[in-house]
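Below you'll find the structure, written out as structure tokens, and then a few comments.
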Amino acid sequence: MSTDLIDVHAPAIEVRGLVKSFGDNEVLKGIDLTVTAGEVVCVIGPSGSGKSTLLRSVNRLEEPTGGSILIEGIDITDEDVDIDRVRTRIGMVFQSFNLFPHLSVLDNLTLAQRRVKKRSKAESEKVAHEMLGRVGLSEKASAFPGHLSGGQQQRVAIARALCMNPDMMLFDEPTSALDPELVGEVLQVMRSLADEGMTMLVVTHEMGFAREVGSRLIFMDGGHIVEEGDPRQVLANPQHPRTQDFLSRVL
Ligand code: ADP
Ligand code: MG
């Protein structure tokens, strides 16, 4: 199937029986997950449970060992797929901001637009300024990343992802590297994205965010989805002993 033919009725993300091994170490043991357009799905779980591997598999930064992953109906595990093209629909934000330190904020935001989207300098700068406004950093266009706080750098990283006009955003512990007083400003940007209807898959330890913004909460342990449901219900009344144990240690 051509990647031009997006199935508008397909879920944003559909993961079926996903298995991922590193050598003998099977870290994802059959994950089934469907994310519908507009959903905000939060993923929690202990360190090493496979959360990052799941997220990275969704845009094939990891090659699945088994199972399939469909993005808007396109099977990205199909060897004929134009993965670069599918990736332009998926914004990803990591714990480390990964900005280019030698480039200004504006140049960080225009680089991929020009190279991947083939936008003109003027158009890419227009989009960049618009997205900087969305994350509340209009005045920082000419700053260099090293002169920004961690919270501001992460907001720039979110703006950079948004410049590609993604259909969905993946966040892998976006606030875990931040000083506590800087966490709120990043969560606020993510909350406004959610309010605008962005499809989001968010690995986070911020239970308040999961409770208030998440449309669904998934608990992972040992490469399995152990429990999922309405975030308020899972957090207040976890059903599985492993979820209960995890939450009793983090809440
Ligand atoms: P989480 O994000 O939940 O902390 P990860 O997905 O990062 O968990 O890791 C799950 C398991 O996979 C861990 O045991 C980790 O050591 C292993 N792992 C992750 N990435 C690699 C890799 N590139 N090579 C080998 N093992 C890896
Ligand atoms: Mg991780």
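On a straight-distance basis, which aspartates and glutamates could pair with Lys140 in a cross-link, Cα separation under 18 angstrom, same-chain partners fewer than 8 positions away excluded?
Asp107, Glu125, Glu130, Glu185
Can you tell me the relative contact order of the chain? Whole percent, Cα pairs under 8 Å, sequence separation 6 or more.
That works out to 26 percent.
Please report how far the C-alpha centroid of segment 215-249 lies from that of segment 28-96, rounded to the nearest whole angstrom.
Each part reduced to its Cα centre gives a spacing of 20 Å.
What does the extension gain come out to for Arg16 and Val81, with contour length at 0.36 nm per residue minus their alpha carbon separation?
Numbers: separation 65, 0.36 × 65 = 23.40 nm, distance 1.73 nm.
Here the segment from Arg16 to Val81 would lengthen by 21.7 nm.
Based on DSSP H runs of at least 4 residues, each adding -39500 (n - 2.57), what is the mean residue ellipticity at 222 nm of the chain after dividing by all its residues, to the nearest 500 deg cm²/dmol?
Rounded to the nearest 500, the figure is -10500 deg cm²/dmol.
Just for segment 56-202, what percent of DSSP beta bridges are antiparallel, to the closest 5?
Working: 2 of 10 bridges.
The answer is about 20 percent antiparallel.
Report the relative contact order of segment 1-124, percent, no decimals, based on alpha-carbon pairs under 8 angstrom and at least 6 residues apart.
Reported as a whole number, the value is 25 percent.
Values in this text are rule-based calculations from the coordinates and carry no lab data. These numbers were taken from a predicted model, which means no experiment stands behind them.
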